[in-house]
Amino acid sequence: MLFVGGRPVELVAHLGRLTSSARELFAAELPTELPGDTVRAAAGIELGRLRVDIVPDDAGGLRHSIVATAIDPTVFFPDWERGEALRSVDAEGWSGAHKWSDRRWLEDAEQELGDELPLLVGADGNVLEAGRANVFIVDDGGLATPPVDGRILPGTARAATLEIAADLGVEAVERTLSLAELRGADEVFLTSSVKGLRPVRWLDGVELERRSELVERLAAELRERWLGSRALPQP
């Protein structure tokens, strides 16, 4: 999760999702000290990320570890000129409903692609997610994003973006998306809890058009929600 000025962002949402995974996978509750440990781990770093891992212990409960690292401000809410490049990848067996600590398959794909990010495509040909980010398109002034059907992570930034869209009166639907729809969309963007909202500029080596200003508006609103008036540190 992201933290800014020593404050975890969307902490309740992150712990809520982690609680659901712990109950479903291990039939156990999160350690009671985890929220406090998370806040303490974020202290002293202006802009960074927290990784929280939980594993079963010998007593039938869970133990946790937390690692905090600083992040480069230039990757946070990048503009169109620094938009992402995606490469579609066959992910027939992908199951991203839980954020497993072992993501070697994804890490291998990322290493192989280099500067491009993997765009995971299911066996049915539908777009799932971008490995570490949820996918949205802008279409006729509204938003569409793949449904939470057990194959993708219900990202906290995804949820926040849907809430912002509702507040702005922007129609947003959760439905299956094809690669053809991404190619023909007014704009494509990613959401993630660490890097915020990022425009997608390239898909499978082809530059995408940019026919909407909605993404900039959504990014500004999400940034305000997370940071308020706080200025980011200079790289």
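Just so you know, all these numbers are worked out from the coordinates, no wet-lab data involved. What you see is a predicted model; the values in this text were computed from it and never measured. Please note: Cβ atoms are built from the backbone with ideal geometry, for glycine as well, and neighbour counts cover all protein chains shown.
What FRET efficiency, computed as 1/(1 + (r/R0)^6) with R0 = 25 Å and r the Cβ-Cβ distance, is obtained for VAL173 and GLU207, rounded to the nearest 0.05?
Efficiency at R0 = 25 Å is approximately 0.45.
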Hey, what number do you get for the chain at 222 nm if only DSSP H runs of n ≥ 4 count, each worth -39500 (n - 2.57), divided across all residues, to the nearest 500?
-9000 deg cm²/dmol
Spin-label proximity, ILE66 to the stretch 117-159 - amide N less than 18 Å from point 7 Å beyond Cα toward beta carbon:
none
Return one number: the angle in degrees, 0 to 90 and rounded to the nearest 10, between the long axis of the Cα atoms of helix 214-227 and the longest principal axis of the Cα atoms of the chain.
20
Mind checking which of ARG23, ARG175, ARG87 has the largest fluctuation in a GNM of the chain, springs on alpha carbons under 10 Å?
ARG23
Counting DSSP beta bridges with both ends in the chain, the antiparallel % (nearest 5):
75
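Give me LEU113, LEU120 sorted ascending by neighbouring Cβ count inside 10 Å, so fewest comes first. Numbers along the way, then the final one.
On the way: LEU113 16, LEU120 25.
In order of increasing Cβ crowding within 10 Å: LEU113, LEU120.
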Least to most buried among PHE26, PHE77, by other C-beta atoms within 10 Å and fewest first, runs PHE26, PHE77
Gained length - ARG223 relative to ALA43, 0.36 nm times residue gap less alpha-carbon distance
62.7 nm
Karplus 3J(HN,Hα) series, Hz, for the stretch 184-199 with 6.51 cos²θ - 1.76 cosθ + 1.60 (x for Gly, Pro):
x, 6, 5, 6, 10, 8, 10, 10, 8, 6, 9, 9, x, 9, 10, x
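Taking the Cβ of each residue in ILE66, ILE137 as the centre, tally the other Cβ atoms inside 10 Å and list the residues starting with the fewest.
So the ranking, lowest neighbour count to highest, is ILE66, ILE137.
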Theoretical gain in end-to-end length, ALA59 to ASP108 [0.36 nm per residue, Cα-Cα removed]
14.2 nm
